[in-house]
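To keep things clear, I will list the structure first and then write my remarks on it.
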């Protein structure tokens, strides 16, 4: 079975060729595909809405989706255990930044040298470099 992302990409790619592939039903099939792709996009929005409530998860998603790493799927080799016991996969050499406020759990991972650490989303202050994975 193919991954959902691959199916969605193939669906977007096939649409211009429907007339030659399904003949008279091309318009109907295209409308159905349009609705299905729209549903998939709505699910993406719902996922972002959910993760928006959690600053660390939101920051992770935004960084993952940045085009900074072309080999994104292949770089997650090292595990990093956060103080709260969560384990996440990170690329080797990833720099770990954290909010300097003791009560704050905001952590940011620099996955590419051209990324600039953001301000803490809770305190709006610069993050401190805490180490490298």
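For (1) surrounded by 10 or more Cβ atoms within 10 Å (Cβ to Cβ); (2) modelled with pLDDT under 90, each residue gets a yes or a no:
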position: 56; (1), (2): yes, yes
position: 64; (1), (2): yes, yes
position: 83; (1), (2): no, yes
position: 101; (1), (2): yes, no
position: 118; (1), (2): yes, yes
Practice prompt. From (1) exposed (fewer than 12 other Cβ atoms within 10 Å of the Cβ); (2) at pLDDT 85 or above; (3) in contact with a strand residue (DSSP E or B) (Cβ under 9 Å, 6 or more places away or on another chain), pick out the condition that doesn't hold for residue 32.
Written response: (3)
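The values are calculated or read from the model by the stated rules, or taken from the named source; none is laboratory data. Remember, it's a predicted structure, so these values are computed and weren't measured experimentally. Virtual Cβ from ideal backbone geometry, glycine too; neighbours counted across all protein chains shown.
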